[in-house]
Amino acid sequence: MTAPLHEPTAEAAPSAAEEAVLAGSAEGKAVQGRSLGRIAWERLKRDKLALTGGIVVLVLIAIALLAPVITNLVGQDPETHHEDLIDPLFSTPKGSLGGISADHPFGVEPVNGRDVFARIVYGARISLLVGFLSALVAVVLGTVLGVLAGYFGGWLDAVISRVMDGLLAFPQLLFIIALVSVMPNEMLGLTGTGVRIFVMILVIGFFGWPYVGRVVRGQTLSLREREYVEAARSLGAGRLYILFKELLPNLVAPIIVYTTMMIPTNILTEAALSFLGVGVKPPTASWGQMLSSAIDYYDSDPMYMVIPGLAIFITVLAFNLFGDGVRDALDPKGSR
Amino acid sequence: MSEKPEDAAVTTSAQSDGAGPKPAAGTTLTKDAAPGETLLKVTGLQKHFPIRKGLLQRQVGAVRAVDGIDFEVKSGETLGVVGESGCGKSTMGRLITRLLEPTAGTVEFEGRDITHLGVSGMRPMRRDVQMIFQDPYSSLNPRHTIGTIIGAPFKLQGVTPEGGIKKEVQRLLSVVGLNPEHYNRYPHEFSGGQRQRIGIARALALNPKLVVADEPVSALDVSIQAQVVNLLDDLQQELGLTYVIIAHDLSVVRHVSDRIAVMYLGKIVELADRESLYKAPMHPYTKALMSAVPIPDPRRRAAKSERILLKGDVPSPISPPSGCRFHTRCWKATEICTTKEPPLLELKPGQQVACHHPENAEDQAPQDTVLLTAAKEAVELVPDAVVSADAAQKARAEATGEEPEDAK
Ligand SMILES: Nc1ncnc2c1ncn2[C@@H]1O[C@H](COP(=O)(O)OP(=O)(O)OP(=O)(O)O)[C@@H](O)[C@H]1O
Ligand code: SF4
Ligand SMILES: [Mg+2]
């Protein structure tokens with residue numbers, strides 16, 4: 001045998017010791033192979049930057065989930081007014097740096113004196129909720145439609161591809177602004193803020209799916225020509241078997257990569273919408289909306305602008321670092 | 001590749017299988033068709049891939065990948081199929097394994113018409129007809145373990161082998177010369193040759209009768225090619241398999257085939273016993289293929305005087321040349337070749353050829369003697385030794401004395 005590594009032969013199976021070395025583990029007789037997923041995970045573990053991003057993301061998720069607990073610990077809540085801390089003449093917080101104190105670690109808002117720390121913590125809920133759920137909507141729609149177009153082809157592909165082209169060319173931000181501003185105040189048992197969040201998730205997700213759909217369609221087109229698909233067919237496999245057993249396992253990696261890159265984009269879109277006043281309305285806290293109201297005080301109370309800005313920046317950066325790491329870990333040749 | 005002496009030894013015994021009655025082979029044999037009986041019969045087989053354009057997907061033309069071929073494969077024999085890239089060999093292989101549906105013609109397996117069977121109709125037949133693929137990197141799903149890959153045939157066919165799937169997978173792994181303990185590994189942990197063995201194990205899992213191998217070794221390192229060919233050969237003897245082996249040049253199929261079909265642009269141009277084909281090829285295209293791997297570049301023609309150099313590339317199968325499809329590159333082409341398609345005729349027992357002016361046989365259109373201009377150019381690429389006497393004379397009469405100068 002001339003094959004490079006440990007070409008095994010039936011007659012002379014390697015000894016148990018060799019086996020262990022080959023498999024990189026010392027367990028049992030059967031040699032445990034390393035799946036591509038495991039290889040990717042091992043690669044990701046070595047990527048310090050991506051790991052840092054991942055940890056920050058986890059911390060942010062914890063903050064969002066535990067928002068009431070955290071604010072209780074600090075003894076604040078996002079909606080109580082503290083007018084006593086506001087300078088009546090300029091409407092800005094008393095004291096330096098936007099009223100940062102032991103009680104209010106990030107200071108208080110101008111005019112009404114709401115606690116900025118509590119509002120940032122609660123704002124994380126909105127950002128992550130909209131970011132994740134809209135990405136979920138986009139990924140589900142994009143995967144289903146992309147696979148349909150790529151796998152079944154023909155007129156279905158022609159129609160779906162044209163719809164994707166159309167949506168990608170659509171001035172989506174303007175459309176979302178228009179749509180959200182004419183939304184009714186009550187819908188599907190939700191009121192006010194609930195309706196707005198729900199609509200934002202749907203609309204951001206809806207305009208996001210063509211990006212996923214395009215990638216998934218292209219991948220499906222190339223995967224469906226692989227010989228292992230033919231091999232499955234030559235064994236009598238039907239379309240569903242091929243779709244679920246042969247194609248989807250190979251689509252998971254690109255879908256994960258695309259999702260991790262989509263979440264920060266969607267968080268930014270939410271911030272932009274709230275900034276423009278069509279997203280979440282006060283008193284509910286959102287980073288974009290805080291940034292927007294901070295504009296009026298940018299020279300008298302710059303801290304009020306810096307803090308939500310940093311929150312957005314750190315969140316998006318963390319997601320992007322993590323996403324890049326995931327892509328690098330999943331991408332290299334392994335996926336063929 | 002398989003020019004080594006030990007290959008020859010193995011293949012000699014393999015050849016004796018096909019023709020005469022087969023010595024009682026492996027004990028696993030439960031074949032219906034006795035050796036020598038027709039296992040697969042193909043009549044007028046066509047595959048035209050429609051070319052569609054626009055939103056409405058209107059058909060604007062067709063790739064005539066396989067355009068009317070007839071042949072039979074007898075139980076226990078090996079049919080080699082050769083031809084340049086794009087001649088429709090893979091398409092033919094996918095038609096007989098019914099991965100593609102023919103546009104016209106019939107495919108009969110053990111006397112049963114399987115031409116238009118659907119997925120569920122074909123499913124039981126799938127046990128008997130299996131395929132080995134060309135690219136060992138794309139033929140194994142990277143997300144599945146070897147155990148899953150080789151076990152898939154049993155799952156898909158709802159068969160539980162004696163002793164369970166895992167045990168059978170391990171047995172198959174050792175049959176193809178791999179370590180049975182590696183069933184939990186993933187394809188990327190194996191070399192190209194090993195992967196091809198995995199593909200072979202998968203094809204053999206259901207104990208098929210006919211195995212179609214589409215360029216089974218062309219993606220492999222030359223040093224590994226012989227091993228894989230020998231494995232296929234040994235397995236044939238052990239299991240009484242019938243093979244259709246596709247290759248793009250004759251060297252791969254040379255030792256393992258009992259009969260060889262030469263394809264050009266979707267047609268079989270010559271179909272003959274191995275001996276006859278090698279001793280006296282009749283079709284000019286076969287002769288060119290045999291002289292060497294064709295080198296399309298005429299500037300290099302002087303370098304290798306033994307070779308027949310085909311000029312240009314294979315024409316497009318979308319609008320193949322009229323008459324004989326080879327006439328644009330043939331050095332014997334005459335008027336009749338451009339208008340009348342030569343039928344595939346048995347000019348000698350065991351040797352069919354489709355040519356108006358075959359080599360090593362009686363001219364089928366002796367009245368037509370004037371060479372085409374293209375043929376006159378082509379003949380300059382053909383060494384004197386190869387051009388049959390009168391054709392050479394004819395050519396020289398016209399292309400007076402230029403050739404010797406050129407050749408210098
Ligand atoms: N699915 C398809 N749709 C359209 N055209 C196709 C399709 N499959 C093959 N063809 C065309 O049919 C012709 C024959 O292809 P085929 O793959 O059968 O050739 P081949 O002899 O196997 O060549 P190679 O040696 O390169 O594998 C080619 O021109 C190819 O482009
Ligand atoms: S001689 Fe005519 S018929 Fe024969 S191969 Fe050449 S072109 Fe075709
Ligand atoms: Mg091919």
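A short reminder: the numbers here are calculations on the coordinates, not readings from a lab. A quick note: this is a predicted structure, and the numbers were derived from the prediction, not measured. Glycine gets a Cβ as well: all are built from the backbone with ideal geometry, and neighbour counts include every protein chain shown.
For B:Lys53 and A:Phe175, the FRET efficiency from 1/(1 + (r/R0)^6), where r spans their Cβ atoms and R0 equals 35 Å, is about 0.60. Shielding of peptide A:234-246 by partners, expressed as the average count of other chain Cβ atoms within 10 Å per residue Cβ, is 6. In order along the range B:261-268, the phi-based Karplus estimate (6.51 cos²θ - 1.76 cosθ + 1.60, θ = phi - 60°) of 3J(HN,Hα) comes to 10, 9, 10, 9, 6, x, 10, 8 Hz; Gly and Pro are listed as x.
Label zone of A:Met183 (point 7 Å out along Cα→Cβ, amide N under 11 Å): in the range A:262-282 this covers A:274, A:278-281. A Förster distance of 22 Å, applied to the separation of the beta-carbon atoms of A:Thr52 and A:Leu310, puts the FRET efficiency at 0.85.
For A:Ile86, the residues whose modelled amide H falls within less than 5 Å of its own, excluding neighbours fewer than 5 places apart on the same chain, are A:Lys94.
As an exercise, use a Förster radius of 35 Å and the Cβ-Cβ distance of B:Glu275 and B:Ser322 to find the FRET efficiency, rounded to the nearest 0.05. Efficiency, rounded to the nearest 0.05: 0.55.
Working note: Karplus 6.51/-1.76/1.60 with θ = phi - 60° gives the range A:264-269 the couplings x, 4, 5, 4, 5, 5 Hz, where Gly and Pro are set to x. Shielding value for B:149-156 is 4, the average number of Cβ atoms from other chains within 10 Å of each residue's Cβ. Working note: Karplus 6.51/-1.76/1.60 with θ = phi - 60° gives the range B:310-315 the couplings 7, 8, x, 9, 4, x Hz, where Gly and Pro are set to x. Shielding by partners for peptide B:203-210, expressed as the average number of C-beta atoms from other protein chains within 10 Å of each residue's C-beta, is 1.
Could you list A:Val111, B:Val228, A:Val57 in order of exposure, starting from the residue whose Cβ has the fewest other Cβ atoms within 10 Å?
Numbers: A:Val111 15, B:Val228 25, A:Val57 20.
By the 10 Å Cβ count, ascending, the order reads A:Val111, A:Val57, B:Val228.
Exceeding 31 Å between C-alpha atoms, which entries from my cross-link table qualify? They are A:Lys48/A:Lys94; B:Lys279/B:Lys340; B:Lys47/B:Lys376.
On the way: A:Lys48/A:Lys94 42 Å; B:Lys279/B:Lys340 28 Å; B:Lys47/B:Lys376 33 Å.
Where the Cα-Cα span goes over 31 Å, the pairs concerned are A:Lys48/A:Lys94; B:Lys47/B:Lys376.
Which GluC sites (Glu not before Pro) from the range A:212-277 combine a DSSP loop assignment with at most 10 other Cβ atoms within 10 Å? Hits after loop and neighbour filter: A:Glu225. Please work out the Cα center distance from the range B:121-170 to the range A:117-148, rounded to the nearest Å. Measuring centre to centre over Cα atoms gives 40 Å. Using a cut-off of 23 Å between Cα atoms, the listed pairs B:Lys41/B:Lys348; B:Lys155/B:Lys209; B:Lys53/B:Lys267 include B:Lys53/B:Lys267 as exceeding that distance.
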